[in-house]
Amino acid sequence: MKKIFTVVLLGAFCIVNAQAFKGLGDTKFNVGMNIQSGGTGIQASSDYGLGENISVGVLASYLLGGSGISNVSFSDRFDAKLRFNANLGNVIKIDPKLDVYPGLNLGLKNFGGHLGARYFFTEGFGVYSELSFPIAKYNTNNLGYNNQTTFNIGASFNMN
């Protein structure tokens, strides 16, 4: 229970404090951990600005451990996704260091959505938090680790 409480507090902090999206050519790289029912893992994503409020990117995640996954194959633990984000920080006129971005993702395991936030403390370093959820699952016969809602937290880097 203490772990869940700590993660929720950290996640709330990350959502309140998130990074500004600057537009065309802006590149962000996020690396962190994901938390889901039955396991935790690592995640890395990169987003590239196509316009003032639109970005596309890629994401890869890997489930490290959890309950009942000792004999789970690499393909059941790994997922890769293409992402589309609508960066709303400057649209809703919040703190310039804060960006809130809803989006869609198309992965190897499902089609889904996400809602995230980034906050940069300096020009190049910040934190992010993201909630991802499946909309359509491709294979409901697999173990389902990549077909559930995940909560992600971690560090964000501005690559410009």
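Of the residues Asn90, Asn71, Asn53, the single one that is among the polar types (S, T, N, Q) and within 19 Å of the chain's Cα centre (by Cα) is Asn53. Please determine whether any residue of segment 89-109 is among the small types (Gly, Ala, Ser), touching a Cys at 6+ places or on another chain (Cβ under 9 Å) and modelled with pLDDT of 85 or more. Among the residues of segment 89-109, not one is among the small types (Gly, Ala, Ser), touching a Cys at 6+ places or on another chain (Cβ under 9 Å) and modelled with pLDDT of 85 or more, which makes the answer no. Within segment 100-112, at least one residue is out of contact with any Phe, Trp or Tyr (no Cβ under 8 Å at 6 or more places or on another chain) and open to solvent by less than 20 Å² (accessible area, probe 1.4 Å).
If the condition is being outside any strand (DSSP E or B), modelled with pLDDT of 80 or more and either surrounded by fewer than 16 Cβ atoms within 10 Å (Cβ to Cβ) or on the phi > 0 side of the Ramachandran plot (or both), then segment 36-61 contributes Leu50, Gly51, Glu52. In segment 18-35, is there at least one residue being of a type in the set (Lys, Arg) and at pLDDT 75 or above? Within segment 18-35, not a single residue is of a type in the set (Lys, Arg) and at pLDDT 75 or above. The set of residues from segment 74-87 being of a type outside the set (Lys, Arg) and under 16 Å from the mean Cα position of the chain (by Cα) comprises Phe78, Asp79, Ala80, Leu82, Phe84, Asn85, Ala86, Asn87. For segment 75-89, filtering for residues that are open to solvent by 40 Å² or more (accessible area, probe 1.4 Å) and farther than 14 Å from Ser55 by Cα leaves 3.
The values are calculated or read from the model by the stated rules, or taken from the named source; none is laboratory data. The structure displayed is predicted, hence computed values, not measured ones. Every residue, glycine as well, gets a Cβ built from its backbone with ideal geometry; the counts of neighbours run over all protein chains shown. Just so you know, the surface numbers come from the protein's heavy atoms only, side chains and all, with ligands and any DNA or RNA stripped out. Shrake-Rupley method; radii C 1.70, N 1.55, O 1.52, S 1.80 Å.
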